[in-house]
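Please treat every number below as a calculation from the coordinates, not as lab data. In this text the structure is predicted, and so the values were computed from the model without any measurement. Glycine gets a Cβ as well: all are built from the backbone with ideal geometry, and neighbour counts include every protein chain shown.
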Amino acid sequence: MHLRNASFERSWRVPAVYRLLRGIVRFGAWLFFPKLRLLNREELAQSQSALLVVNYPESFLAALLLVAAIDRPVLCLLSSQNLRGPFRKLVGRGLGIMAIEPAAEDQGPGFNRFSSALAHWGAIALFAGQSGKSQRAPGVDLAAKLASEAAKQQIQLAIYPLHIFLPLDDRKAGLLLYVEGSIQDQSSPAQPPELYAELSGQLAEAVQKALQENVFALGPVEVERFQSDLENLAHEELEEEWSELSNWKQQAGDFRLSGLVKQWIDEQNQTNPGRLVALRRLVEDYREARRRCSLGRLRVGTSSLWQKSGLRVASTWVESLLGLPIALYGFINHVAAGAILFLAGLLKKSRKRDPKVEWLLRAFIVLGCYTIQVLLFDLWQGRAAAGYYTLTLPLSGVYLWRYFWLARSRSHLLLLKATLPARSARLRRTRKALLGKFEGEMNLYAQSLGMHS
């Protein structure tokens, strides 16, 4: 292992600006993720040297979040490509985020620098990297080698798998980090040197097994449902495209997700379930919007035959527009009476009360409110205006009831029918954007595997 930083050439000390910079990073993390919690934090004993194997894609942002979440000073090791640029190098230097490059030819001096850093920092974090179900993450072998070298030099080192749940598309969901129980190095300084390679392999297997059991991962049922939803999205898009072609015989339902897609889903579920959860939430939101749109079409299609009459439809639109001011006037006049009836529980029927008594109470409350309102209007505008106002009270109340029935049974159906084309077009745009987002994810994944997208 070759640590590419001159600071390792001298005795390691935690930088004096570390706590100041960590406070700034914590404040920034709190602004973006108000719910930032480190679960099972008691596992990280302050007196024990710790090596954190982070089960999350390597990035400078993830290193900053680690520094913000963990109370004890932690040295984060990143590949040099994540520390490009003067800003990252400067901030990383103050926060103990250093570049690391594996180099088999420099294991001895490299570990000496590592052990020096471990002695002064106490906790070092490295990222495991991407891995599949049958493929070991690259950082796991490095962690096992470091633990084996530590055992040779009689350094007590505990390995802690650490899982991160970070849904970047939904910051309100919060940022969660979970520390697994320590995986102790089973090797002993008394063992013959030729056994260390075998013991290092056993330790790597134990670390890999712990990383595969991500506490934030979706269950098999949720993963299968997500895959089914993705298939349905693709089927809908294909059916819409093929519907515009003449004499097309191919069925969209014959297509299934490729093995590469399922492999990507499995890896994301293991290393970055927050990313998978965010994408699944978008798919579920689309599915719910599609359900509401389909329900709207069904309601419009199964409504009364009055919609077939152009005269009735036109009169409903006219009354819905012109009758709105009258309905608002009636609503204002009956706000007081409605509030009293609501508080008294007289807006709903009760089996415990006599219906005749209920109607008498309702009439008494409404007439009482009418009387008070007329008296107040008399004091404000005079007797003549109060007389005209008295006549409008029951008439506006009756029309308010009529307008409520109109809006509930007819107007909202016409409005729903008028907005269905726009809602359908918005659904198509949302579906296309979702598929484009997923295609972008797959292109990046294919590039990471060295495949042509």
For S424 and V221, calculate 0.36 nm times their separation in residues minus their Cα-Cα distance, and state this gained length in nm to one decimal. 70.1 nm
For L52, the residues 5 or more places away or on another chain with a placed amide H closer than 5 Å to its own amide H are I124, A125, L126, Y160
Taking H placed 1.01 Å from N in the peptide plane, check which residues at least 5 places from L166 or on another chain put their amide H under 5 Å from its amide H. G274, R275
Listing F438, F331, F32, F165 from the residue with the fewest other Cβ atoms within 10 Å to the one with the most, what is the order? F32, F331, F438, F165
Report the full-extension gain for the segment R26 to L367: residue separation times 0.36 nm, less the Cα-Cα distance, to one decimal in nm. 116.5 nm
Taking the Cβ of each residue in R290, R299 as the centre, tally the other Cβ atoms inside 10 Å and list the residues starting with the fewest. R299, R290
Exposure-ranked with fewest Cβ neighbours within 10 Å first, C369, C76 stand as C369, C76
Would you list which lysines come within 19 Å of K35, measuring only between C-alpha atoms, while excluding same-chain residues fewer than 8 positions from it? K172
Provide the FRET efficiency to the nearest 0.05 for the S303-L260 pair, computing r from the beta carbons and using R0 = 45 Å. 0.45
Residue-ordered couplings for segment 312-319, obtained by feeding phi - 60° into the Karplus form 6.51 cos²θ - 1.76 cosθ + 1.60 and rounding to whole Hz (Gly and Pro as x), are 5, 5, 5, 5, 5, 4, 5, 5
Ranked by how many other beta carbons lie within 10 Å on average, peptides 442-448, 229-235 from highest: 229-235, 442-448
For I97, distant residues with modelled amide H under 5 Å away: C76
